[in-house]
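Presented below is the structure to which this report refers.
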Amino acid sequence: MWTQLRTFLMRGSILELAVGVIIGAAFGKIVSALVDNILMPLIGIAMGGVNFQALSAKILGVDIGFGAFLQAIFDFTLIGVVLFLLLRIAGKNPVPEPPPPPAITTEELLTEIRDLLKERGK
């Protein structure tokens, strides 16, 4: 059982998935920090110093903190936009593929075959 478990865990796809999840979580922290600490304060300033987290309404004596919900919606939207832009920028300059080998014409191919057959016949 332990051997099978070790074999399962050491398969390439499992390790690649684990690395992807770890890198994704770290990248998510970077994007969240960008949105929380740079973009949202700038948006708050642009909207007259509004702190979305503090927005609430009192209904029947109960505070409804809809600001946290609005903040989550803004965060989600901004994170999506930032990820879209980063992936778009990253995709614009992919690693160039090597050029395909030059195409050989039918005449050149037939000439090579003829020459090879002549050499065999000698």
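Observations, loosely collected:
- Taken about its Cα centre, the range 2-97 carries a charge dipole of about 180 debye when Lys and Arg each add +1 at the Cβ and Asp and Glu each add -1 at the Cβ.
- Applied to the range 79-85, the Karplus parametrisation 6.51 cos²θ - 1.76 cosθ + 1.60 on θ = phi - 60° returns per-residue 3J(HN,Hα) values of 4, x, 5, 4, 4, 4, 5 Hz, with x for Gly and Pro.
- With R₀ fixed at 30 Å, the C-beta to C-beta distance from Ala46 to Ala26 puts the FRET efficiency at about 0.50.
- Cα-only Debye scattering, the chain: base-10 log of I(q)/I(0) at q = 0.09, 0.17, 0.20 Å⁻¹: -0.61, -1.01, -1.16
- Within a Gaussian network of the chain (alpha carbon springs, distance under 10 Å), most fluctuating of Ile79, Ile104, Ile64: Ile104
- Derived scalar couplings between HN and Hα for the range 114-122 equal 4, 5, 5, 5, 5, 5, 5, x, 6 Hz in order, rounded to whole Hz, by the Karplus curve 6.51 cos²θ - 1.76 cosθ + 1.60 (θ = phi - 60°), x for Gly and Pro.
- Only aspartates and glutamates eight or more places from Lys118 in sequence, or on another chain, were considered; those with a Cα closer than 17 Å are Glu107, Glu108.
- Remark: the range 60-72, residue by residue, has Karplus-estimated 3J(HN,Hα) of 6, x, 10, 7, 9, x, 6, x, 5, 5, 4, 4, 5 Hz, where x stands for each Gly or Pro and the curve is 6.51 cos²θ - 1.76 cosθ + 1.60 at θ = phi - 60°.
- Reachable aspartates and glutamates, given that their alpha-carbon falls under 17 Å from the alpha-carbon of Lys122 and they are not under 8 places away in the same chain: Glu112
Bear in mind that the values in this text are calculations on the coordinates, not laboratory data. What you see is a predicted model, and the numbers here were worked out from it, not measured in a lab. Neighbour counts run over all protein chains shown; Cβ positions are idealised from the backbone, glycine included.
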